[in-house]
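Down below is the structure, laid out as structure tokens.
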Amino acid sequence: MKKKILYIGLLGLGTVGEGVAELLLKRKNKIKNYEFVLKSIVVKHLHKKRNISFPSNLLTSDFRKVLKDEEINTIIEVIGGIRPAKEIIIEALERKKNVITANKMLLAEAGSQIFKKAQENNCYLGVRASNIASYRLIESLSSSPSEIKKLVGIFNGTCNYILTEMERRKKDFSFILKEAQRRGYTEKDPSNDIDGYDTAHKLAVLLGLTSGYFPPLHSFLIEGIRRISYEDILFTKELGYRIKLLAIARRDNDRLEIRVHPALISRNKAISRLEGVENGIEIQDEVGVEIGMQAPGAGKYPTATAILEDLISIAKGRKITPPSDKKEVNLKKIEEVVTRYYLRFEALDKPGVLSEISGILGKYNISIQAVLQKGEKKERGKESVPVIMLTHKAREKDIQKALGEIRELSVIKEEPLLIRVEEGIF
Ligand code: HSE
């Protein structure tokens, strides 16, 4: 059988780009019947010191060179961000080049447009690396006859690593974040990870690929993990929970509820036990079938491997299946969500404080399930102590009104922290 050759232009040589280059250079002759030739690598800084050495003619700082090179039939985009990635991808497709991208931010924003362009030009668009932990599930969901009823996922390796290591090593958020950056888990701008945007991009891409509807980011709640302290990890542990940054989607009759935020999840649930950069997803469909999977969600080789899988799909002549046409979607507003809440107040330690807080909660019909008060103000070097409350089910609208009044009390010394409780699936 005649060997198929893919001539590849790689755009970006950060952690993932380096992994792809390394795998391609090491393994190009080991994949039967295909040959992957890495012809050009586009970098920002030509003379930067790198972990692997490349023949000097491989590197260029001009992406136009790769777009204009007619021999290059496949480009791999791992530069991230919207500009210039979007223009490069569109032009590559117009020039009939296959495209593989890890760019979930771009796919969340312009997924429908890019898939359409790929289809019009009869090119392959590989997006496995944009959702490395769940793309295998996405592939099977896309061909499932049933719609998703509920989805709960951990989609960000950095946040899961931070939350796991805070608990394991009894450290604060910023210390572990620096380590995640050193390990190459974070996005170029780590606020994308820790403020929940990366999770939101992946959720939007997953929904887009499986249902045709790419929800715009401004249409749903996105909160990150910056405000979670080591103390919160300890308190939630005492209450029988772990904190995880979750992506949640739930169909409620004709409405779709979508949200991304840290959540307390019982330590008995499978998803609460995912550690480090491990990601996971649990899905219940409309007829009650439950499926799930776990896989690493960040890192050089897991992402580079997803890209290589797309290269193999191209070599095998696989066609893309663009997401189905967008359906009308009625989104449920966050104010209407009903759930339980973990609340942390930094309050003065004096008589009457608890009754002031619980009086306001009671006024809004919010019932308290558990209360914890910990620590001495002296040992914390603060004038306040943390007061933790776990509520029964309440409406988001009511809890926000109550917090609005509680934060104005003179005994409250910091912005209250609210974390929603999630029941999970398995
Ligand atoms: N920064 C991402 C994460 C990498 O931490 O999950 C993979 O998308």
Range of Cα positions in the chain per principal axis (Å), largest first: 81, 49, 33
Quick one: ranking E71, E187 by accessible area, 1.4 Å probe, largest first, what do you get? E71, E187
For segment 4-126, report the accessible area per residue in Å² (1.4 Å probe, heavy atoms, rounded to an integer). 48
On C-alpha positions alone, give me the angle between the axis of helix 353-363 and the longest principal axis of the chain, in degrees, nearest 10. 70
What do you get for Rg/Rh of segment 312-369 when both radii come from the Cα atoms and Rh is the Kirkwood radius? 1.45
Quick one: P(r) of segment 334-421 from all Cα-Cα pairs, 5 Å bins, percents rounded to integers, in order of increasing distance. 3, 15, 27, 26, 16, 8, 4, 1, 0
Round to the nearest 10 and give me the degree value, 0 to 90, for the angle of helix 15-27's Cα axis relative to the longest principal axis of the chain. 40
Residue-normalised accessible area of segment 334-421, given per residue in Å² at a 1.4 Å probe: 48
Mean-position separation - Cα centroids, segment 111-189 and segment 299-333, in angstrom: 12
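Looking at the chain, send over the antiparallel percent of its DSSP beta bridges, to the nearest 5.
65
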Mind listing the phi-derived Karplus ³J(HN,Hα) values for segment 101-110, rounded to whole Hz, using 6.51, -1.76 and 1.60 with θ = phi - 60°, and x for any glycine or proline? 9, 9, 8, 5, 4, 5, 5, 5, 7, 9
CD proxy, 222 nm, the chain: helix-only mean residue ellipticity via -39,500 (n - 2.57) per DSSP H run with n ≥ 4, per residue, nearest 500, stands at -10500 deg cm²/dmol
Does anyone have the angle between helix 197-211 and the longest principal axis of the chain? Alpha-carbon axes, 0 to 90°, nearest 10? 70
Sorting I228, T186, L264 by the position of each Cα along the dipole of the chain (Lys, Arg +1; Asp, Glu -1; all at Cβ), the one nearest the positive end of that ordering is T186
Relative contact order of segment 4-126, defined on C-alpha pairs under 8 angstrom at six or more residues apart (%): 25
Filtered pair list for segment 334-421 (Lys only, Cα < 21 Å, 8 or more apart or interchain) has a length of 15
Amide H partners (placed H, <5 Å) of K149, local residues excluded: Q284, D285, E286
Once all protein chains are kept in place, E238 shows an accessible area at probe 1.4 Å, nearest 10 Å², of 100
Overall Cα dimensions of segment 302-344 - principal axes, largest extent first, Å: 52, 33, 9
Dipole check, the chain, charges on Cβ (K,R +1; D,E -1), about Cα centroid: among A102, T164, L403 the Cα furthest to the positive pole belongs to A102
If amide H atoms are built 1.01 Å from N in the plane of the peptide, which residues on other chains or at least 5 residues away come under 5 Å of the amide H of E35? K4, I5, L6
What list of ³J(HN,Hα) values in whole Hz, one per residue of segment 382-395 in order, does the Karplus curve 6.51 cos²θ - 1.76 cosθ + 1.60 (θ = phi - 60°) give from phi, with Gly and Pro shown as x? 10, 7, 10, 10, x, 10, 10, 10, 10, 9, 6, 4, 8, 8
Distance (nanometres) between label positions extended 7 Å along Cα→Cβ at R255 and D189: 3.2
Compute, for R250, the solvent-accessible surface of its heavy atoms (probe 1.4 Å) with the complete set of protein chains present, and express it in square angstrom to the nearest 10. 60
Where the only charges are on Cβ atoms (+1 Lys, Arg; -1 Asp, Glu), what is the dipole of the chain about its Cα centre, to the nearest 20 debye? 1440
Rounded percent of accessible protein surface that carbon and sulfur make up, the chain, 1.4 Å probe: 48
Computed over segment 4-126, the distribution of all Cα-Cα distances in 5 Å bins, rounded to whole %, is 2, 11, 23, 24, 20, 13, 6, 1, 0
HN-Hα couplings for segment 402-411 via Karplus (6.51, -1.76, 1.60; θ = phi - 60°), in whole Hz with x for Gly/Pro, come out as 4, 5, x, 7, 5, 5, 7, 5, 5, 7
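Could you tell me the relative contact order of the chain? Use alpha-carbon pairs under 8 Å, at least six residues apart, and round to a whole percent.
Working: 865 pairs, mean separation 68.8, N = 426.
Computed value for the chain: 16 percent relative contact order.
The values are calculated or read from the model by the stated rules, or taken from the named source; none is laboratory data. This one's a predicted model, so the numbers in the text were calculated from it and none came from an experiment. Glycine gets a Cβ as well: all are built from the backbone with ideal geometry, and neighbour counts include every protein chain shown. The accessibility values were calculated without ligands, DNA or RNA, using every heavy atom of the protein model including side chains. Shrake-Rupley method; radii C 1.70, N 1.55, O 1.52, S 1.80 Å.
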